[in-house]
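Some notes on the structure that comes next.
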Amino acid sequence: MLFRYFYDGGLAHASYLVGCEHARVAIIIDPDRDVDKYLIAAEQEDLEITSVAETHIPAEYVSGAKELAGRLGATLYVSGEGAQGTGYKYLAAYAREVLRNGSAFHIGSVLFKVIHTPGHTPESLSFLVIDEGAGANRPVGIFTGDFILVGSIGRPEIIEDSPVEHDFADQQARKIFQSAKRFKDLPAYLQVWPSRDAGSVCGKAIRKIPSSTVGYEKIFNPALQFTDEEAFVQYILADQPEMASHCVTIKEMNKAGPGFLGNEAIKRIDASELKNAVLDGTVVDLAPSSRFTEGHYPGAINIPLNQLATWAGWLLSCSLPVFLIGDDRQRSEAVRILHNVGFDNIGGGCGQDEIQRLGIANEAYLVETPSDLASRINSRQVSLIDVRSDAEWRQSHICHAEHIHLGQLPNQMDKISNDKPVVVYSRTGTRSAIASSLFQASGYRVINMHGGYRAWKQADLPVADGERSGTSRMEKETSGRTYS
């Protein structure tokens, strides 16, 4: 058996190639949309990719399974588990080979046995791997998808506006508990190969470790220490990271099978065309925030390239074309990232150097220290916006602040008064720099707090206990709604 591991840090996503060296054939497990890397790896190993398989319908990234199988004429294996009408079932028109609990298939002399492990999603599968070519009759490892993660477990994935019953999250949590009990019965020596790690919203406190074993997880995974179902349900439903509403779009794309990308190059536009681009779509400057702050094209928003995979789904709209500012390498990588998270409407791009040469990078926002801002904040001369997560806000925050999670800002900004400057802060200033660009592009006078909340605390300035003081706007707006 031959094994290759692929990892995309921006997506916090792992995928795998498993090959049979005797038959020279291979399967790709949970591919993302950047399929060329799998083709290159197979060529390097002199293998033919004859099969592609998914453990479940992903919601954080666009699957490359259909494109990869379509290009190669490979067999596409997907789950046939899960109930119709819940939003968690592949569409009938999606051509594939359906797998169910107890199914099995071969890739050369490598045997895959299918286990239905519902909970994260109703259709979720895990694949036990037996290397018969090495004379083994017992499994060597298990692909767990988003079910068992290193140091964590996949939370109930609740897609907003899905036609599911009111207590769906509770039901799924109980299914995870039962799936986890079955997992703990597996041999301790089994390798565990998940599809997500730290940075994914599929679970809390995921460790940034590529693989594990059943034995390790039974000892060190907090989610596997519970023996009482009620206690587990309370644990798994509490304090999970926020999930972008764009995940609904990605899920729908993957249920139907996304369209083929091909190799179309990004259109290059002249800097003079940016005026219309700002009016017709969203102009994204990929520069680091420190450079964007010094001067940028008016109306552009700043999502640094290394933050794009995290925030595109929150801050961009599929209904509007996206225009990119950056050098050739940055734009090419940005297109790859945007395609991976479901944005195919790329209007074009231009270089930062051209904008600088024409002298049209003539807008900037202020960056000030907590000490510089403290008196104006305390006297309410500015509006103070905290763009951190709900968990961070609840722990503590700056007095007089209003909380709007960065991802909710496009939908909530019009509720913020424009009659005085807006001061934005996050933990260290990274997220608030993105937020500052959004406020400025919408016509606000904005100041980014240098060093963020951490610098405010270091300056020994007053804070409020989040549990006893203040309510986030997101909590007000979404009271009673269940998020995954």
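Derivation of every value follows stated rules applied to the coordinates shown; laboratory data play no part. Keep in mind the model is a prediction, meaning the values are calculated, not measured. Neighbour counts are summed over all protein chains in view; Cβ atoms, including those assigned to glycine, are modelled from backbone coordinates with ideal geometry.
Based only on Cα atoms, what Rg/Rh ratio does the stretch 115-215 have, Rh being taken as Kirkwood's radius?
Values: Rg = 14.4 Å, Rh = 14.2 Å.
So for the stretch 115-215, dividing Rg by the Kirkwood Rh gives 1.01.
If you look at the Cα atoms of the stretch 1-54, you get an Rg and a Dmax of 10.6, 35 Å.
When the chain is fully extended, how far beyond the present Cα-Cα distance does Q234 get from S442, taking 0.36 nm per residue of separation?
Using 0.36 nm per residue and subtracting the Cα-Cα distance, I get 70.8 nm.
Considering every alpha-carbon pair of the stretch 343-390, the percent of pairs per 10 Å bin, from zero through the bin containing the longest distance, is 17, 25, 23, 27, 7. Sorted fewest first by neighbouring Cβ atoms within 10 angstrom, D170, D285 come out as D170, D285.
For n ≥ 4 DSSP H runs only, could you compute -39500 (n - 2.57) per run for the chain, divide by its residues and tell me the 222 nm figure to the nearest 500?
-8500 deg cm²/dmol
Applying the criteria of a DSSP loop state and at most 10 other Cβ atoms within 10 Å to the trypsin sites (Lys or Arg not before Pro) of the stretch 347-414 yields R380. The calculated FRET efficiency for S417 paired with E48, based on their beta-carbon distance and R0 = 60 Å, is about 0.45.
Working from label points 7 Å from Cα in the Cα-to-Cβ sense, the S272 to A188 distance is 7.3 nm. P(r) tail for the stretch 271-358: Cα pairs beyond 19 Å make up 29% of the total. Relative to one another, the C-alpha centroids of the stretch 336-358 and the stretch 228-281 are positioned 16 Å apart. A simple packing score, the average count of other Cβ atoms within 10 Å per residue, orders the peptides 118-125, 48-55, 294-301, 269-276 as 118-125, 48-55, 294-301, 269-276, with the highest score first. Take every Cα-Cα pair in the stretch 366-477 and report what % of them are more than 23 Å apart. Roughly 17 percent, rounded to a whole number. Note on K218: aspartates and glutamates with a C-alpha under 16 Å away, same-chain residues under 8 apart excluded, are D185, D228.
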